[in-house]
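The values are calculated or read from the model by the stated rules, or taken from the named source; none is laboratory data. A quick note: this is a predicted structure, and the numbers were derived from the prediction, not measured. Note that we place each Cβ from the backbone using ideal geometry, even for glycine, and neighbour counts take in every protein chain shown. The protein model used for the area step is the full one, side chains on, heavy atoms only, and it has no ligands, DNA or RNA in it. Shrake-Rupley method; radii C 1.70, N 1.55, O 1.52, S 1.80 Å.
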Amino acid sequence: MIEYVEIRGLDTAVIGIIDTAKSIIWHTVYFGVGDFEIYTPVTPDNIALLQIGHYVTRPDNAEVGIIERINVVDNVQDGTMIIATGRFAKSILDRRLIYKLSGSSNAATILRGNVETAVREVVKNNAIACEFDSRRNIALLALGDLSNIPLKIVDGNGKAAEKQVSYGNLLEYTDSVLEEYGIAATCLLRGGKFLYTVYQGIDRSVNNAEGNAPIIFSREFDNLTSSEYLYDTKTEKNVALIGGEGEGVNRFYSLIAKTESDLNRREMWVDASSITKTYTDENDVEQTYTDDQYKTMLDAAGYQNIAPLVATESFNGVIDITNGNYVYGRDFALGDIVTVQDNQIGVYVNVRIREATEVQDENGYTVEVKYQ
């Protein structure tokens, strides 16, 4: 249940609450950035609280919303209403690019080793502690505690690899790297700071290796009131042609493919021209990759781009929190892997909880969860 939301000022301190909203929608996602909507009557207090840039929190949820849009509407049924919408705090990374300027030159950023550590370093260097331009630093942003997720940056064969980025949106790039390895990040509000924190969902599927108690959703167990099964191959790609430095026939190309052929082969193009053969090492000395090393860099970019483009098998469902045995946020959470079954169509699949939409309105409280 969403009993109320807290409104915080620009310094993140609570300046009031809204407990008379007609409806509140709280949409959280594992990969990417979630969003929210508050639909409430126009009153002097609500007008003062719901201002662009103010923050929205809930006492029972870790996400922090940033009000980005205010819309005042008037209708016969509800009267004059304010609709305040926005995205969650990690969206502030969308305000930065990834680059390392020295005069008029932009040095490449290299990611290697542990995925969590590498991504945190990119965020720090471009939005928290930029060495060449302090104006890029976001005062409210800091790094949270390490989750110590033991995933390494590897190529398609599981061997150590590197990633290179010379420019690109900080939010989009870091999220794409994390998604490639099945992990995610959020910004938690602690001590007046937004703490960028990488995390990993828990495997709660049937027969999980960690020995966690399984979470099973099905109509037979009376905890899934409706379900939609989807198997979609429309956007699937399994072969990538990657173009690196150079022009035309002199361009450096690489191809990642397995044994796919005939109609099973689905090719895509990856423009990796921003990945350069030369780079500046930690001692500010210019180095050049060998052809094999450079090919590995291009392949890493190819795998990153192709990773989301797989055939998707998913269940969408509405959880019955009244009669069901499991409660969202207590027994399972965003990013967890659970088991969903539908005996009517004979489907039994382990899925990741990718999205959760909580709605509090005149009809009560509902949670709709999307799996994939």
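Structure above, values below:
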quantity	calculated
Computed [θ] at 222 nm, helices only, for the chain once each DSSP H run of length n ≥ 4 contributes -39500 (n - 2.57)	-3500 deg cm²/dmol
Compactness index (Cα Rg / 2.2 N^0.38 Å), the range 137-190	1.34
Distance between modelled label sites at ASN75 and ASP94, nm, 7 Å Cα→Cβ extension	2.4 nm
Relative packing of peptides 245-251, 357-363 - highest average C-beta neighbours within 10 Å first	357-363, 245-251
The chain, relative contact order in percent, only Cα pairs under 8 angstrom and at least six apart counted	17 percent
Inverse mean reciprocal Cα-Cα distance (Kirkwood Rh) of the range 77-203, Å	16.0 Å
Sites ILE149 and THR225 - FRET efficiency at Förster radius 45 Å, r taken between beta-carbons, to 0.05	0.85
FRET E, pair THR278, ALA307, Förster distance 22 Å, beta-carbon r, rounded to 0.05	0.25
Neighbourhood net charge (13 Å Cβ-Cβ; Lys/Arg +1, Asp/Glu -1) for GLU260	+1
Sulfur and carbon atoms: percent of accessible area, the chain [1.4 Å]	47 percent
The chain - Rg and Dmax from Cα coordinates, angstrom	23.1, 70
Å² per residue, accessible surface of the chain at 1.4 Å	50 Å²
Cα-projected label distance for GLU362 with THR288, points at 7 Å along beta-carbon direction, nm	7.3 nm
Additional length obtainable on full extension of the chain from TYR253 to ASN343, 0.36 nm per residue less Cα span	27.6 nm
Under 16 Å from the Cα of LYS193 - lysines, other chains or at least 8 residues apart	LYS90, LYS124
Convex hull volume per residue in cubic angstrom - Cα atoms of the range 80-139	118 Å³
Distant-in-sequence amide H partners of GLY16 (H built 1.01 Å from N, under 5 Å)	ILE7
Percent of alpha-carbon pairs separated by more than 22 Å within the range 134-290	67 percent
Theoretical FRET efficiency, 1/(1+(r/R0)^6), r = Cβ-Cβ of SER105 and TRP269, R0 22 Å, to 0.05	0.20
